[in-house]
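The values are calculated or read from the model by the stated rules, or taken from the named source; none is laboratory data. Everything numeric in this text was worked out from a predicted model, so none of it was measured. Cβ coordinates were reconstructed from backbone atoms using ideal geometry, including for glycine residues, and neighbour counts include every protein chain displayed.
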Amino acid sequence: MKWTIHGERPVYESPWVRLSLVDVELPSGHRIDHHVVRSTAGAAGTVVHVPASGVLLLWRHRFITDSWGWEVPAGRVDAGESPEQAARRECLEESGWEPGPLQVLTSYFPTNGQSDQEFHLFLADSAHYRGQPADPDEADRIEWLPVSRLRSEMAAGHIKDGLTLTALTWCLAQAIF
């Protein structure tokens, strides 16, 4: 059953996001105005897993939810940039580690009932340290966590970020590590 779009009008716009009211007709014939967040860019993240070291994670604070947690390096896909280029750039900027060759894990819409933003996930099995992160505001600390610790960190609520949870769960489910 497909919903029919009759129109859309922006309520708020910025270089990062647009909030719109979309006039949709449900399969039952009922029409509603649905709030939709339109993203101006996707996001890309990288799981860097070096078996001898573990998984590269950032311990960071998110002011929106006032929460601390582990996250994989990730960020916005800039204009003119492919998701793979963004994943590579974000990893180096946020951690100081340049990932080796990237393998596609998956792409998905994290909140497709509200937003069209798409996340792209990659895996690297090597990395080279290039120095301190270019962006010192991204992480409180950067660590290589042993794979054996990931499940306990997830269970303890120390991994709250949806992109990170999806990426790590994907790797665990696919027996990548």
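Taking segment 72-174 and the helices (runs of 4 or more DSSP H) fully enclosed by it, the elements with 1 or more residues that are over 16 Å from the mean Cα position of the chain (by Cα) and basic (Lys, Arg) are at 147-155.
What about TRP16, is it under 20 Å from the mean Cα position of the chain (by Cα), of a type in the set (Phe, Trp, Tyr), in the same structural domain as GLU118 (by TED's automatic domain parsing) and under 30 Å from ALA134 (Cα atoms)? It is false that TRP16 is under 20 Å from the mean Cα position of the chain (by Cα), of a type in the set (Phe, Trp, Tyr), in the same structural domain as GLU118 (by TED's automatic domain parsing) and under 30 Å from ALA134 (Cα atoms).
Just one of (1) modelled with pLDDT of 95 or more; (2) in the same structural domain as LYS160 (by TED's automatic domain parsing) fails for ILE64. It is (1).
Beta carbons closer than 6 Å, at least 6 apart along the sequence or on distinct chains, pair a first residue in segment 131-143 that is in the same structural domain as HIS49 (by TED's automatic domain parsing) with a second that is among the small types (Gly, Ala, Ser) for GLY131/GLY96; GLN132/GLY96; PRO133/SER95; PRO133/GLY96; ILE142/SER95. The condition of being farther than 23 Å from ASP140 by Cβ, more than 16 Å from the chain's Cα centre (by Cα) and part of a loop (DSSP other than H, G, I, E, B) holds for PRO27. Which of the residues that make up segment 65-95 are buried (at least 19 other Cβ atoms within 10 Å of the Cβ) and among the small types (Gly, Ala, Ser)? Result: GLY69, ALA74, GLY75, ALA86, ALA87, SER95.
The residues in segment 136-172 that are small (Gly, Ala, Ser) and surrounded by 12 or more Cβ atoms within 10 Å (Cβ to Cβ) can be counted, and the count is 3.
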